[in-house]
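Asker: Attaching a single structure in C-alpha coordinates format; questions to follow.
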Amino acid sequence: MIDLKKGIIKINDNLIFSPNFSYEDFKKTPYFNGQNNVRMIYLNEYQIIEGRKYMVSLFFKKDKIYMVSLVNCDEIISEDNEKRRKKKHDNILSLEKIENGKEYSWGKIQSEFDARSNVSSINIYYKM
(Lines give C-alpha, C1' and ligand atoms only; values in the text may rest on other atoms or scores of the structure.)
Protein backbone atom coordinates (compact mmCIF):
# COMPACT_ATOMS: atom_id res chain seq x y z
CA MET A 1 0.00 0.00 0.00
CA ILE A 2 2.71 2.46 0.99
CA ASP A 3 6.47 2.50 1.34
CA LEU A 4 6.71 3.51 5.00
CA LYS A 5 10.37 4.53 4.79
CA LYS A 6 9.91 6.95 1.89
CA GLY A 7 6.20 7.86 2.13
CA ILE A 8 5.49 6.74 -1.42
CA ILE A 9 2.00 5.49 -2.23
CA LYS A 10 1.28 4.00 -5.63
CA ILE A 11 -2.33 4.40 -6.70
CA ASN A 12 -1.43 3.00 -10.13
CA ASP A 13 1.30 3.43 -12.76
CA ASN A 14 -0.03 6.90 -13.66
CA LEU A 15 -0.36 8.25 -10.12
CA ILE A 16 2.35 7.80 -7.52
CA PHE A 17 2.43 10.14 -4.53
CA SER A 18 5.56 11.03 -2.59
CA PRO A 19 6.38 13.75 -0.06
CA ASN A 20 7.56 16.03 -2.89
CA PHE A 21 4.55 15.50 -5.18
CA SER A 22 3.29 18.87 -6.41
CA TYR A 23 0.17 20.26 -7.99
CA GLU A 24 2.22 20.68 -11.19
CA ASP A 25 2.99 16.92 -11.06
CA PHE A 26 -0.73 16.21 -10.70
CA LYS A 27 -1.53 18.38 -13.72
CA LYS A 28 0.63 16.02 -15.83
CA THR A 29 -1.46 12.96 -14.90
CA PRO A 30 -4.51 11.67 -16.78
CA TYR A 31 -6.57 12.46 -13.65
CA PHE A 32 -6.22 16.21 -14.05
CA ASN A 33 -9.30 17.75 -15.64
CA GLY A 34 -9.04 21.38 -14.61
CA GLN A 35 -9.40 20.97 -10.84
CA ASN A 36 -7.94 23.77 -8.79
CA ASN A 37 -5.56 23.15 -5.92
CA VAL A 38 -7.58 25.10 -3.35
CA ARG A 39 -10.22 22.44 -2.61
CA MET A 40 -10.21 18.71 -2.09
CA ILE A 41 -9.73 16.89 -5.40
CA TYR A 42 -11.72 13.69 -5.89
CA LEU A 43 -10.68 11.17 -8.52
CA ASN A 44 -13.69 10.36 -10.69
CA GLU A 45 -13.33 6.58 -10.66
CA TYR A 46 -12.66 3.98 -8.00
CA GLN A 47 -9.02 2.94 -7.82
CA ILE A 48 -7.84 -0.62 -7.16
CA ILE A 49 -4.88 -0.64 -4.77
CA GLU A 50 -3.49 -4.05 -3.86
CA GLY A 51 -6.77 -5.73 -4.76
CA ARG A 52 -8.99 -3.35 -2.78
CA LYS A 53 -11.37 -0.75 -4.24
CA TYR A 54 -10.97 2.82 -2.97
CA MET A 55 -12.41 6.25 -3.52
CA VAL A 56 -9.32 8.51 -3.63
CA SER A 57 -9.13 12.21 -2.89
CA LEU A 58 -6.22 14.57 -2.40
CA PHE A 59 -5.52 17.94 -0.92
CA PHE A 60 -2.69 20.35 -1.70
CA LYS A 61 -1.27 23.13 0.45
CA LYS A 62 0.94 25.71 -1.19
CA ASP A 63 1.05 23.58 -4.37
CA LYS A 64 2.46 20.57 -2.49
CA ILE A 65 0.62 17.38 -1.57
CA TYR A 66 -0.64 17.56 1.99
CA MET A 67 -3.07 14.65 2.23
CA VAL A 68 -4.18 11.59 0.27
CA SER A 69 -7.46 10.15 1.53
CA LEU A 70 -8.63 6.59 0.83
CA VAL A 71 -12.16 5.33 1.45
CA ASN A 72 -12.49 1.57 1.04
CA CYS A 73 -15.49 0.66 -1.11
CA ASP A 74 -15.18 -3.13 -1.32
CA GLU A 75 -18.66 -3.39 0.17
CA ILE A 76 -21.65 -1.07 0.35
CA ILE A 77 -21.91 0.45 3.82
CA SER A 78 -24.87 2.64 4.69
CA GLU A 79 -24.35 6.06 6.26
CA ASP A 80 -25.77 4.67 9.50
CA ASN A 81 -22.92 2.13 9.64
CA GLU A 82 -19.99 4.38 8.70
CA LYS A 83 -18.23 3.42 11.93
CA ARG A 84 -18.12 -0.13 10.52
CA ARG A 85 -16.02 1.22 7.64
CA LYS A 86 -13.67 2.75 10.23
CA LYS A 87 -13.15 -0.73 11.71
CA LYS A 88 -12.50 -2.08 8.21
CA HIS A 89 -9.88 0.65 7.65
CA ASP A 90 -8.27 -0.19 11.00
CA ASN A 91 -8.12 -3.82 9.91
CA ILE A 92 -6.57 -2.93 6.54
CA LEU A 93 -3.81 -0.96 8.28
CA SER A 94 -3.23 -3.87 10.66
CA LEU A 95 -3.02 -6.37 7.78
CA GLU A 96 -0.52 -4.08 6.03
CA LYS A 97 1.48 -3.82 9.28
CA ILE A 98 0.89 -0.08 9.45
CA GLU A 99 0.59 1.42 12.93
CA ASN A 100 -2.35 3.81 13.04
CA GLY A 101 -1.20 7.39 13.70
CA LYS A 102 2.52 6.59 13.81
CA GLU A 103 4.76 9.53 12.87
CA TYR A 104 7.36 9.03 10.12
CA SER A 105 10.02 11.40 8.84
CA TRP A 106 7.73 12.24 5.89
CA GLY A 107 4.36 12.37 7.74
CA LYS A 108 1.80 9.89 9.13
CA ILE A 109 -1.02 7.49 8.25
CA GLN A 110 -4.23 7.57 10.20
CA SER A 111 -7.57 5.74 10.08
CA GLU A 112 -10.12 8.38 11.05
CA PHE A 113 -13.86 8.78 11.56
CA ASP A 114 -15.15 12.33 11.18
CA ALA A 115 -18.43 12.48 13.12
CA ARG A 116 -19.40 15.88 11.66
CA SER A 117 -19.36 14.64 8.07
CA ASN A 118 -20.00 10.98 9.00
CA VAL A 119 -17.08 9.79 6.87
CA SER A 120 -14.41 7.24 7.64
CA SER A 121 -11.12 7.23 5.73
CA ILE A 122 -7.48 6.24 5.73
CA ASN A 123 -5.57 9.52 5.51
CA ILE A 124 -1.93 9.85 4.54
CA TYR A 125 -0.63 13.20 5.77
CA TYR A 126 2.61 14.64 4.42
CA LYS A 127 4.71 17.08 6.43
CA MET A 128 4.79 20.58 5.03
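The values are calculated or read from the model by the stated rules, or taken from the named source; none is laboratory data. The model shown is predicted, which means the values in this text are computed figures rather than measured ones. In this analysis, Cβ positions are derived from the backbone assuming ideal geometry, glycine residues included, and neighbour counts consider all displayed protein chains. Just so you know, the surface numbers come from the protein's heavy atoms only, side chains and all, with ligands and any DNA or RNA stripped out. Shrake-Rupley method; radii C 1.70, N 1.55, O 1.52, S 1.80 Å.
Asker: Residues that are closer than 28 Å to PHE32 by Cβ, touching a Pro at 6+ places or on another chain (Cβ under 9 Å) and in contact (Cβ under 8 Å) with a residue 60 or more places away in the chain: find the strands (runs of 3 or more DSSP E) completely inside region 45-128 holding 1 or more of those. Before the answer, list the steps.
Answerer: On the way: elements: 47-49, 52-61, 64-72, 107-114, 119-126.
Once the strands (runs of 3 or more DSSP E) in region 45-128 are filtered for at least 1 residues that are closer than 28 Å to PHE32 by Cβ, touching a Pro at 6+ places or on another chain (Cβ under 9 Å) and in contact (Cβ under 8 Å) with a residue 60 or more places away in the chain, what remains is 64-72, 107-114, 119-126.
Asker: Additional query: Answer with yes or no whether ASP74 is of a type in the set (D, E, K, R), open to solvent by 80 Å² or more (accessible area, probe 1.4 Å) and farther than 20 Å from ASP3 by Cα. Step through it out loud before you land on a result.
Answerer: Numbers: of a type in the set (D, E, K, R): yes; open to solvent by 80 Å² or more (accessible area, probe 1.4 Å): no; farther than 20 Å from ASP3 by Cα: yes.
In short, no.
Asker: Quick one: which of TYR66, TYR42 is over 12 Å from ILE124 (Cβ atoms) and hydroxyl-bearing (Ser, Thr, Tyr)? Don't jump to the end; show me each part of the working.
Answerer: Working: TYR66 fails: over 12 Å from ILE124 (Cβ atoms).
Testing whether each residue is over 12 Å from ILE124 (Cβ atoms) and hydroxyl-bearing (Ser, Thr, Tyr) leaves just TYR42.
Asker: Here's a follow-up. Which one is surrounded by the most Cβ atoms within 10 Å (Cβ to Cβ) among residues in region 80-104 that are touching a Ser or Thr at 6+ places or on another chain (Cβ under 6 Å) and farther than 15 Å from ASN118 by Cα? Lay out the reasoning, then the answer.
Answerer: The initial filter retains those residues of region 80-104 that are touching a Ser or Thr at 6+ places or on another chain (Cβ under 6 Å), namely 82, 85-86, 89-90, 93, 100.
Filter once more, keeping what is farther than 15 Å from ASN118 by Cα: 90, 93, 100.
On the way: ASP90: 15, LEU93: 19, ASN100: 14.
Filtering region 80-104 for residues that are touching a Ser or Thr at 6+ places or on another chain (Cβ under 6 Å) and farther than 15 Å from ASN118 by Cα, the one surrounded by the most Cβ atoms within 10 Å (Cβ to Cβ) comes out as LEU93.
Asker: Keeping to region 19-36, report how many residues are polar (S, T, N, Q), open to solvent by less than 40 Å² (accessible area, probe 1.4 Å) and free of Cβ contacts under 8 Å to residues at least 40 places away in the same chain. Quick ask: steps written out before the conclusion?
Answerer: The initial filter retains those residues of region 19-36 that are polar (S, T, N, Q), namely 20, 22, 29, 33, 35-36.
From what's left, open to solvent by less than 40 Å² (accessible area, probe 1.4 Å): 22, 29, 35.
Keeping just the survivors that are free of Cβ contacts under 8 Å to residues at least 40 places away in the same chain gives 29, 35.
Qualifying residue count, region 19-36: 2.
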